[in-house]
1. If D99 satisfies every condition in (1) open to solvent by 60 Å² or more (accessible area, probe 1.4 Å); (2) at pLDDT 95 or above; (3) not in a loop (DSSP other than H, G, I, E, B) but one, which is the exception?
2. From the list L60, L123, exactly one residue is in a strand (DSSP E or B), buried (at least 20 other Cβ atoms within 10 Å of the Cβ) and either in contact with a Gly (Cβ under 9 Å, 6 or more places away or on another chain) or modelled with pLDDT of 95 or more (or both). Which is it?
3. Anything in region 74-88 that is part of a loop (DSSP other than H, G, I, E, B) and modelled with pLDDT of 95 or more? List them, or say none.
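The values are calculated or read from the model by the stated rules, or taken from the named source; none is laboratory data. Everything numeric here is computed off the predicted structure, so don't read it as measured data. Cβ: placed from backbone, ideal geometry, glycine included. Neighbour counts: every protein chain shown. For accessibility, only protein heavy atoms count, side chains too; no ligands or nucleic acids. Shrake-Rupley method; radii C 1.70, N 1.55, O 1.52, S 1.80 Å.
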Amino acid sequence: SLCDTTPVPGDRWVSEMDSFADCSAEVIAACIAVHRELGPGLLEGIYEECLCRELRERGLRFERQKPIQAEYRGVPVDQAYRIDLIVEGGLLVEVKALDALLPIHAAQVVTYLRVAGIEHGLLVNFNAMTIRDGLRRLSRTHPTFRSSDLPVKKSGAVKGRS
């Protein structure tokens, strides 16, 4: 699978992120490609549609606008919510097009992760000058990794540190 991350001995980034055994690097690269093509300022739905096209071209499996049933005290709630994307069955991707990401947006994604039973997620704000500025890598059980923590090649591809 494109999303298999096998740790490389001595790779500090992988050792820090070994619980992120997902396809986030490939999804981030897809987000960068979409942002480079479109730029900031469009509606969320446009970015989501183009990201789906990019993921499809990269051979990644995903579910779009997947309904998730919430429960309250063990009883299903009549209202379901929809997750923007679930990539390769284990990475939640929340697409935004906002002036700025606020702490509540990250908290919202962590709640989505908990309710959906998914460990890892990306919060991506396409209305930023660069994806690096608008990206948050989130987990239910590990600290938040800000975009400034992510190694990004000048070409936009994500790589591990050595």
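1. So the condition that D99 fails would be (3).
2. Criteria check complete, one pass: L123.
3. E88 - this is the single residue of region 74-88 that is part of a loop (DSSP other than H, G, I, E, B) and modelled with pLDDT of 95 or more.
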